[in-house]
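Novice: Structure provided below as structure tokens; questions to follow.
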Amino acid sequence: MFAVFHGIINLSARSARTPQEMAQSLRGRLNALMQAKDLIRPGIMGTEAHAERTTVGDVVRTVLRPYEDDTSRERIMLRAPTVPVGAMAVTSLALALHETTTNAAKYGALSEPTGSVSITWETHGGDFHLEWEEAGGPVIVARPSAKGFGSVLAERSIADQLGGKVEHDWPRRPTSSLARPRC
């Protein structure tokens, strides 16, 4: 966990133009991680019978909560089975989802009133796959020329902590896929 914090701070410092921008960036990322960890805290603290587990759906809904409004049901669609996720995977999953959501709100489908996001996940054998697909956002004609620090951090976290990978499909429609062996 502290390695994740260290990475967040270092990358935030490199990309921020002002101290206020760095503080805002750090607050958003750390808040997403804190809320995701709250999902597993009862198991960690021993206050409930179940172990340190929650579901992918709980993590996704928690990260997306700040972006909900009266039109959320039409704009943000989740279609997936109940998939448990262990405490060790929650941090990386929440961080990757937070970065993807932030980018959608700034540059993608969630930046437009008619934009929508479809998030699906599934397991095949022992593998887990999550797909984030946007529609109705600004037209993206090419892959971005450079990755932002949040995208780099999310990809490193998924790779280093979970042994997974993040892929993006441009420009057809902004789609991000996260694949890893088991959650």
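Novice: Small (Gly, Ala, Ser), out of contact with any Leu (no Cβ under 8 Å at 6 or more places or on another chain) and at pLDDT 85 or above: which single residue out of Ser92, Ser111 fits that description? Show your work before the answer.
Specialist: On the way: Ser92 fails: out of contact with any Leu (no Cβ under 8 Å at 6 or more places or on another chain).
Answer to the selection: Ser111.
Novice: Still on this structure, please answer the following. Could you grab me the full set of residues in region 130-158 that are over 23 Å from Thr55 (Cβ atoms), modelled with pLDDT of 85 or more and among the aliphatic types (A, V, I, L, M)?
Specialist: Ala135, Val152
Novice: Next up: Any chance region 118-139 includes a residue that's under 20 Å from Ala36 (Cβ atoms) and charged (D, E, K, R)? Walk me through it before giving the result.
Specialist: Taking region 118-139 as the starting set, the residues that turn out to be under 20 Å from Ala36 (Cβ atoms) are 119-121, 123, 128-132.
Remaining after also requiring charged (D, E, K, R): 131.
Among the residues of region 118-139, at least one is under 20 Å from Ala36 (Cβ atoms) and charged (D, E, K, R), which makes the answer yes.
Novice: Could I ask something else about it? Look at region 49-80 and say how many of its residues are surrounded by 11 or more Cβ atoms within 10 Å (Cβ to Cβ) and at pLDDT below 70.
Specialist: Final tally of qualifying residues: 5.
Novice: Within region 100-120, can one find any residue that is in contact (Cβ under 8 Å) with a residue 12 or more places away in the chain and either among the basic types (Lys, Arg) or in contact with a Cys (Cβ under 9 Å, 6 or more places away or on another chain) (or both)?
Specialist: Looking through region 100-120, none of the residues is in contact (Cβ under 8 Å) with a residue 12 or more places away in the chain and either among the basic types (Lys, Arg) or in contact with a Cys (Cβ under 9 Å, 6 or more places away or on another chain) (or both).
The values are calculated or read from the model by the stated rules, or taken from the named source; none is laboratory data. Because the structure is a prediction, the values reported are computed rather than measured. Note: ideal-geometry Cβ built from the backbone for every residue, glycine included; neighbour counts use all protein chains shown.
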